[in-house]
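Okay, structure first, notes after.
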Amino acid sequence: MKAWQRVFKAINFLGAGLLLLAMHQASAQTAPQRGGTLVMVVQPEPPTLAAYQSTAGPIGQVSTKVFEGLLEYSFELKPIPSLAKSWTVSPDGKTVTFKLKENVKFHDGKPFTSADVQFSVMDVLKKVHPRGANTFRSVTAVDTPDALTAVFRLSEPAPYMLMALSSYESPILPKHVYGNGDIANHPNANNPVGTGPFKFGEWQKGQFMRFDRNPDYHKAGMPYVDRIVARFIADAGTRSATLETQEVHMGGFNAVPPVDVKRLQGLPHIAVTAKGYEMQAPIVQLDFNTTKPPFDNQKIRQAVAYAIDRKFVIDNVWFGFGKAATGPISSNFRANGLFTGDVRNYNVPNGIDMANKLLDEAGQPRGANGVRFEIVHDITPYGEEWRRFGEYVQQQLGKVGIKVTLRYEDVPTWLRRVYTNYDFQLTNNWIQTLADPVIGMHRLYHSNSIKPGTVFVNDSRWNTKETDELMNKAAVEVDAKKRAALYHDLQKRIVEASPLVFVHELNFVTVYNKKVNNFPLSPLGLYSSFDQVWLAK
């Protein structure tokens with residue numbers, strides 16, 4: 001306990017320069033060592049293992065050890081083979097043919113075939129996956145001319161689709177298992193069967209999940225470790241302590257609080273890296289319920305956006321791990337021209353004055369006690385920094401006359417409240433904008449993504465005919481300049497309407513023991529299979 005208490009003390013540090021912390025140099029040994037148990041801390045505990053149905057952040061860290069996708073990706077964000085060994089796209093972009101890898105078996109010993117690809121895409125991902133409605137919107141059929149060929153028939157070109165076929169984004173399920181029964185409430189949701197390097201072992205709720213080495217894995221000699229254990233540790237100080245004492249080998253996605261990263265990085269057995277998040281591009285935001293007062297009023301939403309001091313949040317809640325966000329598309333997309341900063345700027349020095357002016361204009365005067373109106377702010381249940389962020393929002397909105405009550409619930413309750421019942425007014429959140437706007441961004445604003453019970457889609461329920469049309473056009477536009485122009489127009493419209501407050505582009509880090517080798521090997525980082533990860537003895 002004394003060690004945990006020492007760890008729990010806050011160590012203030014600032015500056016995104018910490019993102020440049022030196023990565024652990026690979027072991028000088030020429031060959032991987034076999035055996036051992038890799039222990040990772042996952043925070044919070046995943047609500048389910050049904051990765052085909054929920055994209056809650058912690059799920060991907062464990063489900064990707066069990067399921068695989070047709071493709072994986074290089075650090076250059078180029079597709080590379082996985083269950084598909086090759087693929088071709090027709091000149092008109094409407095036919096994509098995948099040649100599948102031979103001799104792949106599911107964990108129950110049954111062979112993987114093109115029928116499983118057809119089932120996974122047409123009957124699962126298109127229907128119940130939160131992002132599948134957009135990713136596979138153009139797929140009208142998947143033909144199976146033979147057991148190792150899957151031909152995707154598209155109604156229109158979908159250049160973004162090839163960026164969404166990883167194990168994290170589009171897991172391939174065995175038809176003979178998941179094709180029986182209701183996929184939305186399947187008995188194997190928490191007893192998953194895939195083709196991945198690890199088989200599901202057990203789940204002791206509130207404690208851990210165990211995944212055991214798949215001896216029949218289709219990559220010869222892999223995986224190297226005997227098992228992976230994902231531990232669930234509610235207390236932030238204890239999570240940091242387990243890395244210090246080497247009870248745990250790694251933790252990412254802020255499982256190790258930013259406040260502890262600098263001190264741990266100074267320990268001889270600890271490495272820190274910001275690599276492995278390139279395909280996530282997460283944005284921290286505040287989500288409004290735009291269908292109910294007071295946030296059905298655009299001026300009130302804009303007022304909240306002006307009231308938030310983004311630099312203060314980055315420096316004091318996330319300790320420098322981020323940069324101010326300007327809109328729905330991450331500045332990661334500046335390189336390909338899709339991002340624009342030419343939008344309404346809410347991050348201004350006189351933000352409080354602007355907020356007060358808009359609230360007055362919206363017909364919300366202060367009462368005798370200085371309060372204009374009261375709201376409940378739901379806090380995303382992903383750790384202490386979200387509590388601190390909620391407390392900051394409470395204090396900041398109090399300055400403009402909005403009285404805020406905070407509510408903190410467990411993950412399943414929060415997901416149900418926000419994405420099924422829409423029983424909220426304002427919630428903090430973070431959303432991955434992923435490798436293409438069609439995959440990561442459209443789901444938050446398009447009318448076809450208002451799907452009660454589907455998580456991490458359009459919870460604000462804001463949409464317009466004009467923005468729907470812009471997204472529809474951008475999804476199929478093959479001319480890069482024209483596509484960029486469509487997205488620039490879209491960003492301006494969304495930022496003006498402010499269905500969300502765009503706070504900052506979050507920079508995650510992974511803290512890990514230097515015994516861990518071959519990590520990260522993918523821009524998906526902790527969302528990769530770990531088939532090549534090994535532990536030095």
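Sort out which residues of region 119-136 are open to solvent by 10 Å² or more (accessible area, probe 1.4 Å) and either in contact (Cβ under 8 Å) with a residue 24 or more places away in the chain or of a type in the set (Asp, Glu) (or both), and write them in order of number. Answer for region 119-136, where residues must be open to solvent by 10 Å² or more (accessible area, probe 1.4 Å) and either in contact (Cβ under 8 Å) with a residue 24 or more places away in the chain or of a type in the set (Asp, Glu) (or both): Phe119, Asp123, Lys127, Val128, Ala133.
The residues listed here are Val177, Val139; of these, the one that is open to solvent by less than 20 Å² (accessible area, probe 1.4 Å) and either at pLDDT 95 or above or closer than 26 Å to Gln432 by Cα (or both) is Val139. Residues that are open to solvent by less than 50 Å² (accessible area, probe 1.4 Å), farther than 23 Å from Trp414 by Cβ and among the charged types (D, E, K, R) within region 354-396 comprise just one, Arg372. Is it the case that Val478 is closer than 21 Å to Thr135 by Cβ, part of a loop (DSSP other than H, G, I, E, B) and in contact with a helix residue (DSSP H, G or I) (Cβ under 7 Å, 6 or more places away or on another chain)? Spelling it out, it is not the case that Val478 is closer than 21 Å to Thr135 by Cβ, part of a loop (DSSP other than H, G, I, E, B) and in contact with a helix residue (DSSP H, G or I) (Cβ under 7 Å, 6 or more places away or on another chain). Filtering region 104-111 for residues that are part of a loop (DSSP other than H, G, I, E, B), open to solvent by less than 10 Å² (accessible area, probe 1.4 Å) and touching a Pro at 6+ places or on another chain (Cβ under 9 Å) leaves a non-empty set.
So in region 412-431, with the set limited to residues that are within 18 Å of the chain's Cα centre (by Cα) and open to solvent by less than 10 Å² (accessible area, probe 1.4 Å), which one is nearest to Ala362 (Cα to Cα)? Among residues in region 412-431 that are within 18 Å of the chain's Cα centre (by Cα) and open to solvent by less than 10 Å² (accessible area, probe 1.4 Å), the one nearest to Ala362 (Cα to Cα) is Thr427. For region 182-199, the set of residues classified as at pLDDT 95 or above and either open to solvent by less than 40 Å² (accessible area, probe 1.4 Å) or aliphatic (A, V, I, L, M) (or both) consists of Ile183, His186, Asn188, Ala189, Pro192, Val193, Gly194, Thr195, Gly196, Pro197, Phe198, listed by residue number.
Of the residues making up region 397-411, those that are under 16 Å from Ile308 (Cα atoms), open to solvent by less than 20 Å² (accessible area, probe 1.4 Å) and out of contact with any Phe, Trp or Tyr (no Cβ under 7 Å at 6 or more places or on another chain) are Leu397, Val400, Gly401, Val404.
Only a single criterion out of (1) within 24 Å of Asp123 (Cα to Cα); (2) in contact with a strand residue (DSSP E or B) (Cβ under 9 Å, 6 or more places away or on another chain); (3) at pLDDT below 90 is not satisfied by Ala56, namely (2). Set side by side, the residues Glu496, Glu505 differ, and just one is outside any strand (DSSP E or B) and acidic (Asp, Glu), which is Glu496.
Hey, can you tell me all the residues within region 432-453 that are of a type in the set (S, T, N, Q) and open to solvent by less than 20 Å² (accessible area, probe 1.4 Å)?
Correct list: Gln432, Thr433, Ser449.
On the stretch given as region 325-351, residues that are closer than 18 Å to Trp430 by Cβ and open to solvent by 80 Å² or more (accessible area, probe 1.4 Å) total 1.
If you go through region 310-324 and keep only what is within 23 Å of Gly440 (Cα to Cα), surrounded by fewer than 23 Cβ atoms within 10 Å (Cβ to Cβ) and among the aliphatic types (A, V, I, L, M), you end up with just Ala324. Scanning region 94-103 for residues that are more than 15 Å from Ser167 (Cβ to Cβ) and outside any strand (DSSP E or B) yields Lys94, Glu102, Asn103.
For beta carbons closer than 8 Å, sequence separation of 6+ or different chains, a first residue in region 359-377 that is within 21 Å of Leu406 (Cβ to Cβ) and a second that is of a type in the set (Gly, Ala, Ser) and part of a helix (DSSP H, G or I), the qualifying pairs are Leu359/Ala303; His377/Gly390. Counting just the residues of region 15-38 that are open to solvent by less than 30 Å² (accessible area, probe 1.4 Å) and not in a loop (DSSP other than H, G, I, E, B), which one comes out modelled with the lowest pLDDT? Among those that are open to solvent by less than 30 Å² (accessible area, probe 1.4 Å) and not in a loop (DSSP other than H, G, I, E, B), it is Leu18. If you check Leu434 against the conditions, is it touching a His at 6+ places or on another chain (Cβ under 7 Å) and of a type in the set (A, V, I, L, M, F, W, C)? Against the criterion (touching a His at 6+ places or on another chain (Cβ under 7 Å) and of a type in the set (A, V, I, L, M, F, W, C)), Leu434 does not qualify. Looking only at residues of region 39-93 that are outside any strand (DSSP E or B) and among the basic types (Lys, Arg), we find that the one that is farthest from the chain's Cα centre (by Cα) is Lys78. Can you say whether Ala281 is among the small types (Gly, Ala, Ser) and modelled with pLDDT of 95 or more, as far as the supplied structure shows? In short, no.
Conditions tested, residue by residue: (1) crowded, with 17+ Cβ neighbours inside 10 Å; (2) out of contact with any helix residue (DSSP H, G or I) (no Cβ under 9 Å at 6 or more places or on another chain); (3) of a type in the set (S, T, N, Q); (4) within 30 Å of Glu496 (Cα to Cα).
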residue: Val229; (1), (2), (3), (4): yes, yes, no, no
residue: Ala236; (1), (2), (3), (4): yes, no, no, no
residue: Ala241; (1), (2), (3), (4): yes, no, no, no
residue: Gly266; (1), (2), (3), (4): no, yes, no, no
residue: Lys275; (1), (2), (3), (4): no, no, no, no
residue: Met279; (1), (2), (3), (4): yes, no, no, yes
residue: Val284; (1), (2), (3), (4): yes, no, no, yes
residue: Ala303; (1), (2), (3), (4): yes, no, no, yes
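The values are calculated or read from the model by the stated rules, or taken from the named source; none is laboratory data. Note that the structure is predicted; figures quoted are calculated from it, not measured. Note that each Cβ is placed from the backbone with ideal geometry, even for glycine, and that neighbours are counted across all protein chains shown. Note: accessible area is taken over every heavy atom of the protein model, side chains too, but ligands, DNA and RNA are not part of it. Shrake-Rupley method; radii C 1.70, N 1.55, O 1.52, S 1.80 Å.
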